[in-house]
Structures are given as structure tokens and as C-alpha cells.
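As C-alpha cells, the structure follows; a few thoughts come after it.
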Amino acid sequence: MDKYEQVIEMAKRRGFLWNSFELYGGTAGFYDYGPLGSTLKRRIEQIWRETYVVQEGYMEIEAPTVGIEEVFIASGHVGGFSDPLCECKNCGEAFRADHLVDKIVAVADTLSDKELDKVIRENNVRCPECEGELGETYEFNLMFKTQIGPGSGRQGYMRPETAQGMFVDFLRLARFYRDKLPFGATQIGKSYRNEISPRQGVIRLREFTQAEAEIFIDPNDKKHTNFSRFADTLVNLYSDEAQDRGIVDKMSLAEAVEKGIIAHEFLAYQIGLTNHFLQRVGIVADKLRFRQHKKDEMAHYAIDCWDAEIETDRFGWVEVVGIADRTDYDLKAHAAVSKTELSIYREYSEPKMVTQFVVKPNMGKLGPLFKGKAKDIAEALKAMSVEELEKDNIKVTVDGEELIVPKEIVEFAEETVKISGENIIPHVIEPSYGIDRIFYSTMEHAFEEEMVAGKDDTEEEEARIVMRLKKEVAPVQVAVLPLLTREELITPAKNVEIQIKQKGLLVSYDDSGTIGRRYRRNDEIGTPYSITIDYDTLEDNTVTIRDRDSMKQVRAPIEGIADLLYEMIYIGRDFESAGKAL
RNA sequence: GCGCCGAUGGUCUAGCGGCUAUGACUGGGGCCUUCCAAGCCCUAAACCCGGGUUCGAAUCCCGGUUGGCGCACCA
């Protein structure tokens, strides 16, 4: 049994992850998060919010998961997010059309559907299964389609990423941030991809959770004001060049920027932030690296792109975060499709005096003379040079028609104008997180089976499954356990439970089975602390606190126990300082 | 999507044409119990779905669903 199997088996048994629709046989690519799973996931998301929204100041928005066609035409998903399929007319089997002809044409994956059909017909390619005739090639789009409204309502798609919501809201966001770069927005939510064959459990899902930030920055200034925070941070960098060597470099982010390995400071800062976040939720530092996209795998519009990869037992290095400088590609694409300028006005620190050639047609005369064509003529005149305008009769061509404009109704001059700023299209830095993959990695890295001494100091050792989750992400934070199932212990235990609940901690009360069994149950789900109420409690109002990782105990007064636990879980207070060691 | 292999209580598993379906762990109730899966009693809980072959199918055959692996795909 490998670690994946062990983790998934436990996750299923204890209520972290379940196959969706199991009652009806299940469907690949969908998972339910059980009571503990959804709590753990929510805690990871909460730390992400704390990191990106609270600390970085990139406010969260919430756009619909259903999008209209225009959005995905602009994003390129309607046209590009698909594979060409081709069905056999005889047996109905579907094939990748480009694969059917890749022995015939070298560049099969670059051909259009029509070109593929042509190659298939000219070479008499038949169905590989039954030798039947093949139908026409069509695009199988990886987006889930849906209908908005009844009848012939408009075509909608389930979003394949949350990013587009932030791009579409760009002008509103710019206004919200009072037109000052850099600014950013974030979104945590579900995205959908109709994968042809999802595998690998929660690593590849048809419905998954993304956390994305779109940070809009000045294309001329990619420094980061807070770069010093991560300048000396050492990260595992697997650059394009390092991949050729096959060796991961451990390097400070400042050095990586200096050497030009990471394109610029802003991107390096984002790598530092991702490195910080992943370790905070419990990813082991040695099993984390940043891999640079090779030149040929990077999208053509991107300047630089790094994936955070986590090493897992079964799947090897899994990509969990993509961090890219997408330049102005997305804003330009939406500007083109929406016919709306998506730019921001940036004021210069000092206004510039610019000398420029200005043409001023006299519209009061141009109008009556040329009627409806006047506007087009004026535009044409503005584009002309001094030489042309100095002629007595200025020739203008509008809609293929040559017209003569009298010299006296056009004024032009060299003018010096004050320009105090310009419209710029920001560049986008996009950290894009796959939360489900991080969730699984967190569990796998925390999962441990260790041998511990058995009862009564016998030679026998026994296995203990313990999830060493970070205290901050553990779903159950405190277990309250009366040592024995007796009324006189149960009552004070219930009182302790109430006190801890009031502090907002998730507490689980458990009096079923022996104390050892209850400790093990809580170890398995990663509960960091267990409070045990025993007979000394009745004497002096103290309880024991047991530490999950060391199995050590300290004794502390009930008074203030909830505050103490809160500090240990969230503020990093030492376990040893919590009470008298036992 | 293709090929190969699998699917039995919550979990892991026995079964190889005669089933009233093994066992362990877990869960629930109780007895006992003063700190790390102890013991005893009671109890709940399963043949993935649909066809076929057969007197008889968990078992053999076909199809589907689903899981794993390889190919392909994907970031």
C-alpha cells in the first residue's frame, strides 16, 4: 500500500474525502469533501485570504461560475480550449483526429478541422477499430456548456478558470482602487473542465477549486516595494536552464533576479509569497520547488512563468500553483472583443511639454460643403503631412472617392501642448492556485505512521497513525475527553467543552472507549491538543493538555484554558509554557 | 478515448458453479477501567449495475459504471 492509498483510505474512513454520487455508482472527476475535509479545506482557503486579501490588499470578488460566450471568445477558451475529435460512422467510436493523421502529416496538431478532414479523405484513413468510414472532424471543447434561460436562450459556459471574472471587472476594479497601480483582485471558487479522462483522485477533477489573484502592474515598473521581505529567502529553483542540467538550485530570490533567472522583482516577490503560503499550510520545504516553464511550453504572450510543484509519493512532482507574467494580453483581448478601452490613466510625476503637429479643420465650413462625408474628411486631414496640407488644393481620398478641400478651411500648426499623463494597459501578474491539489498534498505530507511503545512498557511496539497537520489548519482543534465514562467526570468535561466553544475553537467531545483509543482517533485526524478531565480535576480544577506530536502532557488550570489553547493554535505559544509538565 | 488488471459490511479481506457469504479492524449499547488502539457480553453492517448461460451465479460470459496502471490528453 503506497502513501496515496493510505491517505485516501483514511480520508474516506474519517470523513475527509468521498467519491461523489457513490450511492448511484459514482462519476469520475468529482469528489465530496466530508465534514473534516471541508473544514480543512476552508482553513487552507482562510490562510490564503489572510495572505492575499488581508496582507497584500488584493480584495476578493465573487463573479458567477456561469459565463456568457463573449467572455470565453475573448479569453480564447471557445476557440482554443478544445481537442479535434472524429467519430466513426459505423461503430460510433470517437478518435482524436490529429492523432489519426500524425503518421501522415508531421504538423497534425496545427491543422484546422477542415484540413484534418482533407488529409483523412485524401489518404483514405479509416476507423482503427472497424475500418468504417470516418465522419467530419469537430472540436470537443473542454468547457461544460449550458443554456442561459429557456428555449433558444443564449449559450453559456461553466467557467474553466476564475481569472476572467477579474479581467471583465477591470474598469470597476480600477475605479475602486482609485486608478492607482499596482492593484489586484482575488477570487476563490469553483471552476469546471470537462476532462476527457480524469484520474489521480483529487489531483485532476472536473469541478475544482481555484484561488487566483490578478495583479495589475505598471508595465514600465516591475519592481516590488516590499521585495526586501523575501530578498534573502532561499527557494528551490528549477529554471529552464537548470532543467537541462537536471539539478535544482537553492538560491535567494534577490540572486535569482540579479542573475536574470526570474524575469523581475514583482514575479520573484510572488514566488516568495507562494513559498511562504505553502509552507504555512504544511507543505514540507524539501518537497517544494519552483519550476520555470521552458520557452516552448510557455504561452506566447507570457514573459515568464513559474509553477510551484510539490513532490508526492505516487504522482511525483505535481503542479499546484502557476505564477505568470501574462503581460497585457488578457486586457487587450477583452478590449478588442468588447470594443472598450481597458487602460488606466497614469499621471506623470511632472507634466511633459510636447511639441506636436496639429491639424484643425474648420468644421463650420467643412460641414455645409461636404455634408455627411465631413467627419471622414476631417479624420483624413488630421493624418496628413505638412507638405500635403500646404498645397492650394488638398486632395483627400474618402471611401475610394477623391475630393478636393480648399486650403483656407484647414488650419495647421506646430503646437506645444502640456501632457500630464498617458493611458497605459497594465501588465498582469497571475498567481493561480489549485486548492484541491494543495489540500491533498497537505494531508500526504502530514500523514505519518510511526512505531510507539505499547501499554505497560512491554517490549511490544505498535503502529500509530498521526497526521501532523499544522495547528492552524487542523479541522478539529481540541478534543475534550473525560478519563472515564463516569458522571462526575462527564459534567466538568462538558463545561470545559462549552468554554472552548465560546472561544470559537472547533472542539470534539468524546467519551466512547478507553482513553488510549480516543487519543489515537484524534491523532489520526490531526487534532493538535487533547484535554483530559481526571480525578485531580475535581480536587484542584486543573486538566491535562496532551500534545499530538510528542504525546507529552502538561497540567493547567481550567480557568483560562480556552485562551491558552487559542494562543497555542494561532499565536504559536509553546506547548511547554502551557502548564506543569507531567 | 484505447489497452491491461480489479470491484464482497464503514475499512481491509476469504471465496474459484451448491451460500444460510469468512474473518479482522472499526462503529453502537453495556460491564469493567485513574492516561495512550487492554478484556468480556450484546449489536449493526456487504456480493457495483444490467443482461445472458445454468436446475442453481459472489463465482462463468457480454455490456455498462467505477478504481488502478500504461498510452494518449491536460497544467
Inset, instruction - Considering each of A:Asp330, A:Asp307, A:Asp325, A:Asp313 in turn, give the residue that is under 17 Å from the mean Cα position of the chain (by Cα), within 11 Å of RNA strand B (Cβ to nearest atom) and of a type outside the set (A, V, I, L, M, F, W, C). - result: A:Asp307
Inset, instruction - Select from the stretch A:19-49 the residues that are without any contact (Cβ under 8 Å) to a residue 12 or more places away in the chain and either away from RNA strand B (no atom under 12 Å from the Cβ) or surrounded by 14 or more Cβ atoms within 10 Å (Cβ to Cβ) (or both) and list them in ascending order. - result: A:Ser38, A:Arg42, A:Gln46
Inset, instruction - Considering only residues that are at pLDDT 90 or above and part of a loop (DSSP other than H, G, I, E, B), look in the stretch A:225-246 and name the one that is nearest to A:Asp286 (Cα to Cα). - result: A:Thr233
Legend entry - Single unsatisfied condition, A:Arg314 versus (1) within 24 Å of A:Phe227 (Cα to Cα); (2) in contact with a Lys or Arg (Cβ under 8 Å, 6 or more places away or on another chain): (1)
Legend entry - Positions within the stretch A:50-68 being surrounded by 16 or more Cβ atoms within 10 Å (Cβ to Cβ) and in a helix (DSSP H, G or I), in sequence order: A:Thr51, A:Tyr52, A:Val53
Legend entry - Qualifying positions in the stretch A:260-311 - surrounded by fewer than 20 Cβ atoms within 10 Å (Cβ to Cβ), assigned to a helix (DSSP H, G or I) and out of contact with any Leu (no Cβ under 8 Å at 6 or more places or on another chain): A:His276, A:Arg280, A:Ala285, A:Asp286, A:Lys287
Inset, instruction - State all residues of the stretch A:69-83 that are surrounded by 15 or more Cβ atoms within 10 Å (Cβ to Cβ) and in a loop (DSSP other than H, G, I, E, B); if no residue qualifies, say none. - result: A:Phe81
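Residues checked against (1) at pLDDT 75 or above; (2) under 19 Å from A:His427 (Cβ atoms); (3) basic (Lys, Arg):
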residue	(1), (2), (3)
A:Leu288	yes, no, no
A:Arg291	yes, no, yes
A:Ile303	yes, yes, no
A:Ser343	yes, yes, no
A:Val354	yes, no, no
A:Pro368	no, no, no
A:Asn393	no, no, no
A:Gly400	no, no, no
Inset, instruction - List the number of the failed condition for A:Val119; all other conditions in (1) over 27 Å from the mean Cα position of the chain (by Cα); (2) at pLDDT below 75 hold. - result: (2)
Inset, instruction - Could you check, for the stretch A:446-464, whether at least one of its residues is within 24 Å of the chain's Cα centre (by Cα) and surrounded by 15 or more Cβ atoms within 10 Å (Cβ to Cβ)? - result: yes
Legend entry - Hits in the stretch A:132-190 (condition: part of a loop (DSSP other than H, G, I, E, B) and either β-branched (Val, Ile, Thr) or without any contact (Cβ under 8 Å) to a residue 12 or more places away in the chain (or both)): A:Thr137, A:Gly149, A:Pro150, A:Gly151, A:Ser152, A:Gly153, A:Thr162, A:Tyr177, A:Arg178, A:Lys180
Inset, instruction - Pick out the one residue from A:Asn495, A:Asn522 that is closer than 25 Å to A:Thr39 by Cβ, among the polar types (S, T, N, Q) and more than 12 Å from RNA strand B (Cβ to nearest atom). - result: A:Asn495
Inset, instruction - Could you check A:Ala256 against (1) buried (at least 20 other Cβ atoms within 10 Å of the Cβ); (2) among the hydrophobic types (A, V, I, L, M, F, W, C); (3) assigned to a loop (DSSP other than H, G, I, E, B) and say which number it fails? - result: (3)
Legend entry - Filter pass, A:Val473 being touching a Ser or Thr at 6+ places or on another chain (Cβ under 8 Å) and either in contact (Cβ under 8 Å) with a residue 60 or more places away in the chain or within 9 Å of RNA strand B (Cβ to nearest atom) (or both): yes
Legend entry - Among (1) at pLDDT 95 or above; (2) surrounded by 14 or more Cβ atoms within 10 Å (Cβ to Cβ), the one test that A:Arg159 misses: (1)
Inset, instruction - Look at the stretch A:498-519 and say how many of its residues are among the hydrophobic types (A, V, I, L, M, F, W, C) and either on the phi > 0 side of the Ramachandran plot or within 11 Å of RNA strand B (Cβ to nearest atom) (or both). - result: 1
Inset, instruction - Please tell me if A:Glu448 is of a type outside the set (Gly, Ala, Ser), outside any strand (DSSP E or B) and more than 11 Å from RNA strand B (Cβ to nearest atom). - result: no
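Does any residue of the stretch A:205-216 turn out to be in a loop (DSSP other than H, G, I, E, B) and either of a type in the set (D, E, K, R) or farther than 25 Å from A:Ala74 by Cα (or both)?
yes
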Inset, instruction - Can you tell me which residue within the stretch A:534-576, out of those that are within 24 Å of A:Ile465 (Cα to Cα) and basic (Lys, Arg), is farthest from RNA strand B (Cβ to nearest atom)? - result: A:Arg548
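The values are calculated or read from the model by the stated rules, or taken from the named source; none is laboratory data. As the structure is a prediction and not an experimental result, all values here were calculated from the model. Counting neighbours? That spans all protein chains shown, and the Cβs are built from the backbone with ideal geometry, glycine included.
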